[in-house]
1. When the Cα centres of the range 244-279 and the range 281-326 are compared, how far apart do they sit, in Å?
2. Report in % the part of the accessible area of the range 136-180 that belongs to carbon and sulfur, leaving out ligands and nucleic acids; probe 1.4 Å.
3. Leaving out ligands, DNA and RNA, what percent of the accessible area of the range 223-349 is carbon and sulfur, probe 1.4 Å?
4. Would you compute, from DSSP H runs of 4+ residues alone, the mean residue ellipticity of the chain at 222 nm, taking -39500 (n - 2.57) per run and dividing by the full residue count, rounded to the nearest 500?
5. Test of understanding: extend the Cα→C-beta vector of residue 304 to 7 Å, then name every residue of the range 156-189 with backbone N under 17 Å from that spot.
6. Using R₀ = 35 Å, calculate the FRET efficiency as 1/(1 + (r/R₀)^6) where r is the Cβ-Cβ separation of residue 235 and residue 265; round to 0.05.
7. With angles folded into 0 to 90 degrees, how steeply does helix 307-347 sit against the dominant principal axis of the chain? Use alpha carbons for both and round to 10.
8. 7 Å from Cα along Cα→Cβ at both residue 311 and residue 182: what's the point-to-point distance in nm?
Amino acid sequence: MSSAVPAAARPGAAPSGVVRPGSAASGSGQAGKPGGLKSVDKETTAGVLFGIGAYGLWGLLPLYFYVLQPASAVEIVANRVVWSLLFCTLLITVTRTWRVLGAAFRNRSVLLTLAIAAGLIAVNWLTYTYGVTTGQAVEASLGYFINPLVSVLLGVFVLKETLRPLQWAAVVIGFIAVIVLTFSDGKLPWIALTLAVSFGLYGFVKKRVGPRVDAITSLTVETIVLAPLAAATMIFLAVSGSASLASHGAGHFWLLVSSGVITAVPLLFFGASARRLPMTTIGLLQYFAPVLQFIVALAVFHEAMTLDRWIGFGVVWLALLVLTVDMLAVARKNSVAKKQSLRAARANT
């Protein structure tokens, strides 16, 4: 996927429309600025659109699971793994990256890390699908609302990071929200917590791999790890008469088969967005998915929202607001510091 990185982003490359100083057409050195700015603007716009596409598709995923009835959560996830592997194999063939895939399997560190990631994403997919198919899409959306708070806690307990005051405030408010929701529902919101923890750990594990593996290769390795169990599950469901894949018409069959495309496309969109946008922008876009999931749960599935539940969600949103304010403040501070550093460097040359 590195081949998709624009030339302007590569070290030593001149931005689009900019003539290097010393060339015959350089003039005063300012002629290329408009072209360079347009290039940056186009990349940013593309990044935002890719990000909205990724989180938008993830946000509308409950609608897809809804039309797959009467398939169970287990059958949906098993099909999702098997058909995702088929789609990824096609992508690997088209992009001619079999050597990259082979290198990932030969690297024990990468393979082990991605195997752990595969287990975590399987738990996440199964829990989320179960939540949506059993009328608990609101709680499933809650899991992705509180996921940023879980990521902050992982930074404390795993990476030994020191939290800033606003981060601590957000975590405490989030903890209060879980207590409120536990009392309002009469039970611990285990679906939301499982989703938040599994996806938070998944993101942490994937960061351990870093840029060594691109999105297509990573997803392919993960699905290869899960494929034997998924295939065995599909066979068991078929033999036991519990499978719906081939017993509910051609439309249902192709909807289940299309799960491979529906799984891979948002991931590819996200990868394209992440290459073009700063982490602050990605952090803001991530709220798009749970907001859509929440709206779908209320407007389409007509799930109940009691006053106590509204209060609990309100407290969660307050925690996210505090976390977002802190994130934006830090980003602005870093931006100012970077500009000052550049000015000082220019003054010394």
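1. With the range 244-279 and the range 281-326 each reduced to a Cα centre, they are spaced 24 Å.
2. 76 percent
3. Ligands and nucleic acids excluded, carbon and sulfur give 71 percent.
4. -25500 deg cm²/dmol
5. 181-189
6. My answer for the efficiency is 0.80.
7. Around 20 degrees separate the two axes.
8. In this crude label model, residue 311 to residue 182 measures out at 1.6 nm.
The values are calculated or read from the model by the stated rules, or taken from the named source; none is laboratory data. Predicted model, so just to flag it, every value in this text is computed and none were measured. Note: ideal-geometry Cβ built from the backbone for every residue, glycine included; neighbour counts use all protein chains shown. Side chains are part of the model used for accessible areas, which takes the heavy atoms of the whole protein and leaves out ligands, DNA and RNA. Shrake-Rupley method; radii C 1.70, N 1.55, O 1.52, S 1.80 Å.
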